[in-house]
Every structure is written in C-alpha cells, then in structure tokens.
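Everything on this sheet refers to the single structure shown next.
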Amino acid sequence: MLCYNKNDIEDLRNHESQYFMPNALFDTMQYKLIRLEVKWAYVACLNALLQSPSYDREGNAFIKDDNPQVVTILKDLANKKVDQDKIDGYISEMEDNGLIEKVGRDIYLKKISSVF
C-alpha cells in the first residue's frame with residue numbers, strides 16, 4: 001500500500017489554495033469511471049488528513065472513519081447536504097475503487113498519481 005506518510009503531509013500542507021485536490025484524480029483516464037461525488041469525498045478525506053493526521057507505527061497517516069471534518073469539508077466542496085451515512089457510502093466506494101484502505105476504523109488514503 002502506498003499511502004501518505006509524515007513527509008507527504010508536511011509537503012502537502014504547503015499548498016496555497018483552501019483545499020488540496022490531486023489533479024490526476026480528475027484529469028486521468030485511470031480514475032474516469034469513479035463517480036464525481038466519490039472523488040470529492042476523497043478530496044474531503046485528504047484535506048481532513050492534512051488538518052489533523054494520526055500516524056501508525058510505520059509513520060503512515062490515517063483518519064478515523066467518523067472524522068467530523070470530512071462532513072464539514074465535503075459540505076463546503078460539494079455545496080450540498082452531507083451526513084455521516086453518505087460519508088459511509090462514499091468510504092465504501094472509495095475502498096472498492098482502490099482509493100483508500102480501511103483497517104478497522106482507520107482510513108489510509110492511497111496516493112493519487114498518473115500512470116499514463
């Protein structure tokens with residue numbers, strides 16, 4: 001699993017916009033079949049991770065599946081009503097699409113990159 005670690009988090013915190021969005025998630029063919037709402041949920045999780053990450057023993061960053069920041073950020077990004085039930089559905093879809101790995105209640109976001 002190639003997920004974000006402490007160094008990645010520090011590097012990404014230096015972005016200049018309000019929210020960090022990996023361009024490859026929206027612009028490359030490998031992610032084309034993933035629903036837009038699920039992509040926005042990934043961005044919300046990533047930004048919650050940047051705001052308050054937890055780290056495992058290997059130094060990999062994760063968030064909990066009920067992190068309230070995810071709901072708040074996704075409401076702002078999507079400009080629509082979002083609740084924890086919707087987030088739970090998006091988490092399931094992100095896992096099915098290989099965007100995250102869930103270990104118990106911990107969510108590890110996989111790094112997004114273009115392979116083409």
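The values are calculated or read from the model by the stated rules, or taken from the named source; none is laboratory data. The structure displayed is predicted, hence computed values, not measured ones. When we count neighbours, we look across all protein chains shown, and the Cβ atoms used for this are built from the backbone with ideal geometry, even at glycine. Ligands, DNA and RNA are stripped out before the accessible areas are found, and what is left, the full protein with its side chains, is counted by its heavy atoms. Shrake-Rupley method; radii C 1.70, N 1.55, O 1.52, S 1.80 Å.
Taking a ≥ b ≥ c as the square roots of the Cα gyration tensor eigenvalues, the range 33-87 comes out prolate, since a/c reaches at least 1.5 and a/b is larger than b/c. Among Met21, Met29, the sequence by solvent-accessible area, most first, with a 1.4 Å probe is Met29, Met21. Taken along the Cα-to-beta-carbon direction at a fixed 7 Å, the label points for Asp85 and Met29 span 3.9 nm.
Residues with beta-carbon under 14 Å from that of Leu74, excluding Leu74: net charge, scoring Lys, Arg +1 and Asp, Glu -1? After counting each charged neighbour, the total is -2.
From helices alone, the chain scores -13500 deg cm²/dmol at 222 nm; the rule is -39500 (n - 2.57) for each run of n ≥ 4 DSSP H residues, then divide by the residue total.
Taking 0.36 nm per residue of sequence separation and removing the Cα-Cα distance, the Lys110/Leu2 pair yields an extension gain of 38.3 nm.
In this view, the solvent-accessible surface of Lys64, computed with a 1.4 Å probe and all protein chains in place, comes to about 90 Å².
With K and R counted +1 and D and E -1, the other residues having a Cβ less than 9 Å from that of Ile107 yield a net charge of -1. Under 5 Å between amide hydrogens, built in the peptide plane, is the criterion, and for Lys110 it picks out Ile100, Glu101 among residues at least 5 positions away or on other chains.
Taking chymotrypsin sites (Phe, Trp or Tyr not before Pro) across the range 1-87, the ones in a DSSP loop with at most 15 further Cβ atoms lying within 10 angstrom of their Cβ are Tyr19, Phe20. Full extension of the chain between Leu36 and Arg13 yields a length gain of 5.9 nm, computed as 0.36 nm times the residue separation minus the alpha carbon distance.
Straight-distance candidates among the aspartates and glutamates for linking to Lys81, with alpha-carbon spacing under 16 Å and chain neighbours fewer than 8 residues away dropped: Glu37.
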